[in-house]
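The values are calculated or read from the model by the stated rules, or taken from the named source; none is laboratory data. All values derive from a computational prediction rather than experimental measurement. Cβ: placed from backbone, ideal geometry, glycine included. Neighbour counts: every protein chain shown.
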(Lines give C-alpha, C1' and ligand atoms only; values in the text may rest on other atoms or scores of the structure.)
Protein backbone atom coordinates (compact mmCIF):
# COMPACT_ATOMS: atom_id res chain seq x y z
CA UNK A 1 0.00 0.00 0.00
CA UNK A 2 2.92 2.36 0.67
CA UNK A 3 4.55 4.06 -2.29
CA UNK A 4 8.21 4.95 -2.16
CA UNK A 5 8.99 8.21 -3.87
CA UNK A 6 12.74 7.77 -4.33
CA UNK A 7 14.76 5.18 -6.20
CA UNK A 8 16.70 4.27 -3.07
CA UNK A 9 16.75 0.50 -2.51
CA UNK A 10 16.56 0.77 1.29
CA UNK A 11 13.21 -0.07 2.85
CA UNK A 12 11.66 3.07 4.28
CA UNK A 13 9.52 3.40 7.35
CA UNK A 14 5.97 4.61 6.93
CA UNK A 15 6.99 7.84 8.67
CA UNK A 16 9.81 8.46 6.17
CA UNK A 17 7.43 7.85 3.27
CA UNK A 18 4.87 10.30 4.70
CA UNK A 19 7.55 12.94 5.30
CA UNK A 20 8.72 12.56 1.71
CA UNK A 21 5.15 12.75 0.45
CA UNK A 22 4.54 15.99 2.33
CA UNK A 23 7.77 17.60 1.14
CA UNK A 24 7.24 16.50 -2.47
CA UNK A 25 3.48 17.01 -2.94
CA UNK A 26 2.75 19.67 -0.31
CA UNK A 27 0.24 20.02 2.49
CA UNK A 28 -2.85 19.99 0.27
CA UNK A 29 -2.23 16.30 -0.55
CA UNK A 30 -1.88 15.17 3.06
CA UNK A 31 -4.70 13.06 4.48
CA UNK A 32 -5.68 12.56 8.13
CA UNK A 33 -3.78 9.25 8.38
CA UNK A 34 -0.62 11.04 7.19
CA UNK A 35 -1.07 13.76 9.80
CA UNK A 36 -1.55 11.15 12.50
CA UNK A 37 1.66 9.47 11.36
CA UNK A 38 3.55 12.78 11.62
CA UNK A 39 2.15 13.44 15.10
CA UNK A 40 2.93 9.94 16.38
CA UNK A 41 6.40 9.63 14.88
CA UNK A 42 8.57 6.52 14.71
CA UNK A 43 6.24 4.29 16.73
CA UNK A 44 3.43 4.68 14.20
CA UNK A 45 1.03 1.77 13.85
CA UNK A 46 -0.11 2.26 10.24
CA UNK A 47 -3.25 0.15 10.57
CA UNK A 48 -4.38 2.01 13.70
CA UNK A 49 -3.78 5.36 11.93
CA UNK A 50 -6.01 4.31 9.04
CA UNK A 51 -8.66 2.99 11.45
CA UNK A 52 -8.71 6.28 13.35
CA UNK A 53 -8.71 8.40 10.18
CA UNK A 54 -11.66 6.44 8.76
CA UNK A 55 -13.92 7.60 11.62
CA UNK A 56 -16.25 10.56 11.02
CA UNK A 57 -14.75 13.88 12.14
CA UNK A 58 -17.43 14.40 14.80
CA UNK A 59 -16.59 11.01 16.27
CA UNK A 60 -12.85 11.79 16.26
CA UNK A 61 -13.57 15.06 18.09
CA UNK A 62 -15.41 13.15 20.82
CA UNK A 63 -12.76 10.47 21.42
CA UNK A 64 -11.32 10.13 24.89
CA UNK A 65 -7.79 9.01 25.59
CA UNK A 66 -9.18 5.57 26.47
CA UNK A 67 -11.07 5.37 23.16
CA UNK A 68 -7.83 6.11 21.32
CA UNK A 69 -6.03 3.36 23.24
CA UNK A 70 -8.87 0.97 22.36
CA UNK A 71 -8.07 1.64 18.68
CA UNK A 72 -4.63 0.09 19.21
CA UNK A 73 -2.47 2.96 20.39
CA UNK A 74 -0.25 2.93 23.47
CA UNK A 75 -1.00 5.10 26.50
CA UNK A 76 1.70 7.65 25.53
CA UNK A 77 0.48 7.86 21.93
CA UNK A 78 -3.11 8.04 23.21
CA UNK A 79 -2.15 11.06 25.32
CA UNK A 80 -0.40 12.70 22.37
CA UNK A 81 -3.32 12.16 19.98
CA UNK A 82 -5.86 13.27 22.57
CA UNK A 83 -3.84 16.46 23.07
CA UNK A 84 -3.83 17.00 19.28
CA UNK A 85 -7.61 16.57 19.20
CA UNK A 86 -8.02 19.05 22.06
CA UNK A 87 -5.77 21.50 20.20
CA UNK A 88 -7.90 21.09 17.06
CA UNK A 89 -11.04 21.77 19.12
CA UNK A 90 -9.53 24.93 20.61
CA UNK A 91 -8.35 26.17 17.22
CA UNK A 92 -11.74 25.40 15.71
CA UNK A 93 -13.44 27.63 18.31
CA UNK A 94 -11.17 30.59 17.62
CA UNK A 95 -12.21 33.03 14.96
CA UNK A 96 -9.63 34.29 12.54
CA UNK A 97 -8.56 37.85 13.20
CA UNK A 98 -9.98 40.59 11.06
CA UNK A 99 -7.99 41.26 7.90
CA UNK A 100 -6.15 44.58 7.94
CA UNK A 101 -5.82 46.27 4.56
CA UNK A 102 -3.24 49.01 4.05
CA UNK A 103 -4.57 51.70 1.72
CA UNK A 104 -2.33 54.54 2.89
CA UNK A 105 0.73 55.23 5.03
CA UNK A 106 -1.66 56.27 7.80
CA UNK A 107 -3.21 52.74 7.83
CA UNK A 108 0.22 51.19 8.36
CA UNK A 109 1.11 53.76 11.02
CA UNK A 110 -2.14 53.06 12.87
CA UNK A 111 -1.46 49.31 12.78
CA UNK A 112 2.06 49.82 14.17
CA UNK A 113 1.16 52.47 16.71
CA UNK A 114 1.69 50.00 19.58
CA UNK A 115 5.47 50.41 19.13
CA UNK A 116 5.35 54.02 20.30
CA UNK A 117 5.30 52.78 23.90
CA UNK A 118 8.46 50.72 23.56
CA UNK A 119 11.48 51.81 25.56
CA UNK A 120 13.82 50.85 22.76
CA UNK A 121 14.08 51.28 19.02
CA UNK A 122 12.27 48.56 17.00
CA UNK A 123 12.46 47.76 13.30
CA UNK A 124 9.35 45.94 12.04
CA UNK A 125 8.53 44.28 8.71
CA UNK A 126 4.95 43.80 7.53
CA UNK A 127 4.25 41.43 4.65
CA UNK A 128 1.31 42.07 2.36
CA UNK A 129 -0.57 40.03 -0.22
CA UNK A 130 -1.56 41.30 -3.69
CA UNK A 131 -4.60 43.10 -2.20
CA UNK A 132 -2.45 44.91 0.39
CA UNK A 133 -3.80 42.82 3.28
CA UNK A 134 -1.27 42.35 6.07
CA UNK A 135 -0.35 38.66 6.13
CA UNK A 136 2.36 38.69 8.80
CA UNK A 137 4.46 40.89 11.03
CA UNK A 138 7.91 40.48 12.51
CA UNK A 139 9.95 42.71 14.73
CA UNK A 140 13.22 42.09 12.91
CA UNK A 141 15.40 43.97 15.35
CA UNK A 142 15.07 45.49 18.78
CA UNK A 143 17.83 47.96 19.32
CA UNK A 144 19.17 50.05 22.12
CA UNK A 145 17.71 53.20 23.59
CA UNK A 146 18.57 55.27 20.53
CA UNK A 147 19.63 52.95 17.69
CA UNK A 148 18.29 50.08 15.63
CA UNK A 149 20.65 48.40 13.19
CA UNK A 150 19.16 46.00 10.67
CA UNK A 151 20.45 44.45 7.47
CA UNK A 152 18.20 44.33 4.37
CA UNK A 153 18.93 40.59 4.14
CA UNK A 154 16.87 39.99 7.31
CA UNK A 155 13.89 41.89 5.93
CA UNK A 156 13.91 40.23 2.53
CA UNK A 157 14.53 36.77 3.97
CA UNK A 158 11.38 37.13 6.09
CA UNK A 159 9.40 38.47 3.12
CA UNK A 160 10.51 35.55 0.94
CA UNK A 161 9.62 33.01 3.64
CA UNK A 162 6.12 34.48 3.85
CA UNK A 163 5.68 34.71 0.04
CA UNK A 164 4.99 38.43 0.32
CA UNK A 165 3.76 40.38 -2.69
CA UNK A 166 5.10 43.52 -1.01
CA UNK A 167 6.45 44.70 2.33
CA UNK A 168 6.28 47.70 4.61
CA UNK A 169 9.18 48.41 6.91
CA UNK A 170 8.77 50.47 10.03
CA UNK A 171 11.05 52.00 12.60
CA UNK A 172 9.73 53.58 15.74
CA UNK A 173 11.38 56.53 17.37
CA UNK A 174 11.49 55.98 21.08
CA UNK A 175 9.59 58.70 22.89
CA UNK A 176 11.77 60.77 25.14
CA UNK A 177 10.58 61.10 28.68
CA UNK A 178 11.19 64.15 30.80
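Here are the numbers for this structure:
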item	result
Extreme residue, nearest to residue 76 (Cα to Cα), among residues of segment 14-50 that are out of contact with any helix residue (DSSP H, G or I) (no Cβ under 9 Å at 6 or more places or on another chain) and exposed (fewer than 15 other Cβ atoms within 10 Å of the Cβ)	47
Subset of segment 110-120 [assigned to a helix (DSSP H, G or I) and out of contact with any strand residue (DSSP E or B) (no Cβ under 8 Å at 6 or more places or on another chain)]	110, 113, 114, 116, 117
Those residues of segment 118-131 which are surrounded by fewer than 18 Cβ atoms within 10 Å (Cβ to Cβ) and at pLDDT 90 or above, in sequence order	129, 130, 131
Conditions (1) outside any loop (DSSP other than H, G, I, E, B); (2) at pLDDT 90 or above; (3) surrounded by 12 or more Cβ atoms within 10 Å (Cβ to Cβ): number failed by residue 164	(1)
Complete set of residues in segment 77-94 that are in contact (Cβ under 8 Å) with a residue 24 or more places away in the chain and surrounded by fewer than 12 Cβ atoms within 10 Å (Cβ to Cβ)	89
Residues being surrounded by 14 or more Cβ atoms within 10 Å (Cβ to Cβ) and in contact (Cβ under 8 Å) with a residue 24 or more places away in the chain - total across segment 95-108	3
Residue check for residue 71: surrounded by 11 or more Cβ atoms within 10 Å (Cβ to Cβ), touching a residue at least 40 places away in the same chain (Cβ under 8 Å) and touching a helix residue (DSSP H, G or I) at 6+ places or on another chain (Cβ under 6 Å)	no
Candidates 115, 99, filtered to the one that is under 18 Å from the mean Cα position of the chain (by Cα), modelled with pLDDT under 90 and closer than 30 Å to residue 143 by Cα	99
